[in-house]
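What follows is one structure encoded as structure tokens, with my remarks underneath.
The values are calculated or read from the model by the stated rules, or taken from the named source; none is laboratory data. Nothing here was measured: the structure is a model prediction, and the numbers come from that model. Here Cβ is always computed from backbone atoms with ideal geometry, including for glycine, and neighbour counts include all displayed protein chains. Quick note on the areas: whole protein, heavy atoms, side chains included, nothing else; ligands and nucleic acids left out. Shrake-Rupley method; radii C 1.70, N 1.55, O 1.52, S 1.80 Å.
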Amino acid sequence: MPRRSHRAHSRVAGPLAALLALLATVAACPAGATAGPTRPAASSAPVAVTQARRAARVARYWTPARMRGARPLDLAVGADGVPRLRVGPARPEPAAGASFLAVATPDVPPYSFNGRIFIRRGNLAGYCSGTAIDSPTRQLVLTAGHCLNSGHEDGKKSVWSDYLQFVPAYDDGAAPLGSFVARRSRIRAPRQWTNHGNPDFDLGAFLTLPNAAGVNVADAVGGGATIVTDLSRHQTFQTFGYPGETKFMQKCSSPYIGDDLLSNPFPGPPTLGIRCHWAPGASGGGWLIGDGTQINGVNTYLHLNNKSRTFGPYFSAETVGKLVKGF
């Protein structure tokens with residue numbers, strides 16, 4: 001993909017001393033009702049001090065070089081209808097027939113609502129995509145459940161991701177709007193995903209600390225997307241993500257093209273499909289509708305034998321509504 005010119009951006013890793021001083025003043029947000037498992041807190045020390053130390057540690061870990069070398073996470077469903085996590089190489093080959101195009105102004109709303117989520121799972125430095133949400137806390141990011149928790153797979157206990165950092169409008173190692181470290185005790189995925197691997201509930205949400213300038217993520221991106229639920233499935237979606245080898249935000253437009261019949265046996269509303277082949281790394285990328293300020297889906301999986309479609313959960317009060325309650 002041809003490189004495009006960029007304006008000068010601030011680098012992702014800011015001065016750690018300033019970050020420590022800033023985050024030490026942050027008070028904990030009120031916790032809402034939990035609709036599913038939440039990542040447990042690591043310490044019983046005073047919340048603000050613990051958050052500041054952890055944020056600094058996460059910022060040190062995610063250097064621009066490590067972000068460029070992170071590997072994309074992906075979820076694929078076989079002919080048996082069973083979802084399985086896959087990890088792509090750091091620089092995979094472009095997908096055949098890829099349907100996405102580069103976003104020329106990623107730091108301009110509503111494109112700026114979207115970004116890359118960096119995670120660590122075991123020894124893996126990986127990434128997914130996500131969306132900043134217009135919520136009461138101003139700190140909410142929405143993504144795919146498998147980006148935050150491995151889910152129930154082949155009888156193995158699910159594993160939570162760690163060292164989460166959201167970078168809206170991520171731009172080849174730069175963070176034009178700052179970077180936002182996840183609050184470790186405020187990371188959620190539905191039990192239907194973490195305990196059973198149900199693709200109808202492959203959704204994840206987490207709250208973030210302010211960036212180094214003290215700004216919450218929704219305000220930094222220009223408002224964030226509003227979650228809408230229980231709408232007609234017949235929408236035209238502007239979908240976003242950071243697939244494969246691409247270093248910049250990508251988009252793909254598609255109407256609803258039908259439900260995934262393989263999801264029918266699972267409890268919950270069937271997943272729906274779009275005519276976009278999102279490559280690994282785009283998992284969790286938002287499906288925006290209307291003028292781009294409403295989110296009504298996320299990229300979650302594709303079929304191994306189908307190179308033209310991507311599927312995601314239907315947004316309802318039962319799925320995403322319960323997940324983000326209180327967030």
> What are the residue pairs meeting all of these: first residue in segment 45-74, first residue farther than 22 Å from G241 by Cβ, second residue at pLDDT below 75 and exposed (fewer than 14 other Cβ atoms within 10 Å of the Cβ), Cβ atoms under 6 Å, and 6 or more apart or on different chains?
Replying inline: T50/S43
> So which residues in segment 111-141 are outside any helix (DSSP H, G or I) and open to solvent by 40 Å² or more (accessible area, probe 1.4 Å)?
Replying inline: R120, G122, N123, D134, P136, R138
>> Go through segment 154-175 and report how many residues are surrounded by fewer than 22 Cβ atoms within 10 Å (Cβ to Cβ), of a type outside the set (D, E) and farther than 26 Å from F315 by Cα.
In response: 6
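Taking segment 232-280 only, how many residues are under 19 Å from F201 (Cβ atoms), among the hydrophobic types (A, V, I, L, M, F, W, C) and touching a residue at least 60 places away in the same chain (Cβ under 8 Å)?
Of the residues in segment 232-280, 2 are under 19 Å from F201 (Cβ atoms), among the hydrophobic types (A, V, I, L, M, F, W, C) and touching a residue at least 60 places away in the same chain (Cβ under 8 Å).
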> Of the conditions (1) out of contact with any Ser or Thr (no Cβ under 8 Å at 6 or more places or on another chain); (2) over 30 Å from R54 (Cα atoms); (3) surrounded by fewer than 19 Cβ atoms within 10 Å (Cβ to Cβ), T236 fails just one. Which one is it?
Replying inline: (1)
> In segment 299-317, which residue that is open to solvent by 20 Å² or more (accessible area, probe 1.4 Å) and in a loop (DSSP other than H, G, I, E, B) is farthest from D202 (Cα to Cα)?
Replying inline: N305
> Where in segment 142-253 are there helices (runs of 4 or more DSSP H), lying wholly inside it, with at least 1 residues that are more than 17 Å from the chain's Cα centre (by Cα) and under 16 Å from Y111 (Cα atoms)?
Replying inline: 217-220
